Amino acid sequence: MSNSVGYIYILTNPSFKEYVKIGYADDVQKRLKQLNRSECIPFAFRVYATYEVDSRLSDTKIHSIIDKLNPNLRSIETFEGKERKREFYAMSPEDAYSILEAIAEINGRQDKLKKIQPTIEEQNEEDEAEEIEEEHHERWAPFKFSMCNIQPGEEIVFSNTASPYDGEVCKVLNDKQIEYKGKPWSLSALATKLSNSKWSVAGPRYFKYKGEWLNTIRERMEAESNE
């Protein structure tokens, strides 16, 4: 890489395909090596894209931009009474790339945005992770509208400011499906389509009911039921 100040990076990992890691580094390869020293994850991180910048940035500035688009995508947890925000976002690498692409276009620096082609080894790891995911898919508890006390006939709203379909209204058909433009859809299938994502996305993270994210409602109600 050249002697510019640094790079905004998008990293992916087959271990958790539903997330991307977004941050800033003066040297992306050095940052990658630091992350991949850990033996706590099955697969290594890889660079999906980089955006060269001519001024040093803090991760906080980058994350604040994304959080304003959709604060629900950020990986946040409470550990020992303290809130911990991470560099991980529940979005496809394509969606993350589209954000950097928009920033590059606004600044007239499209030539500084680079998408990195995966190596054969990385592609093989992607395939292996996908096989593992398929084997365990049936064990996951699928989302049901009854988990949120949402009845058939009620409306939910697609929310993704990076998509031209932001604000589209859908009607709940039954416990697992919604209606959009006269056709039945699962939450994840429609979220993937409206987000124009190559990969499947978690539907409840992209829809709101009465202004509240579906996954937030589900988590809140599950927590209340366990009290």
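The values are calculated or read from the model by the stated rules, or taken from the named source; none is laboratory data. Keep in mind that what you see is a predicted model, and the values were worked out from it rather than measured. Don't worry about glycine lacking a Cβ; one is built from the backbone with ideal geometry, like all the others, and counts go over all protein chains shown.
In segment 5-15 there is no residue that is at pLDDT below 70 and not in a helix (DSSP H, G or I).
Note on segment 42-85: among residues that are modelled with pLDDT under 80 and part of a loop (DSSP other than H, G, I, E, B), the one that is nearest to the chain's Cα centre (by Cα) is 70. The residues of segment 1-41 that are over 16 Å from the mean Cα position of the chain (by Cα), crowded, with 19+ Cβ neighbours inside 10 Å and among the charged types (D, E, K, R) amount to a single one, 31. Might you let me know whether segment 138-153 holds any residue that is within 27 Å of residue 67 (Cα to Cα), in contact with a Gly (Cβ under 8 Å, 6 or more places away or on another chain), modelled with pLDDT of 90 or more and not small (Gly, Ala, Ser)? No, there is no match, as no residue in segment 138-153 is within 27 Å of residue 67 (Cα to Cα), in contact with a Gly (Cβ under 8 Å, 6 or more places away or on another chain), modelled with pLDDT of 90 or more and not small (Gly, Ala, Ser).
Scanning segment 181-227 for residues that are under 18 Å from residue 170 (Cα atoms), of a type outside the set (Ser, Thr, Tyr), touching a residue at least 12 places away in the same chain (Cβ under 8 Å) and not in a helix (DSSP H, G or I) gives 185, 196, 201, 202, 207, 208, 213.
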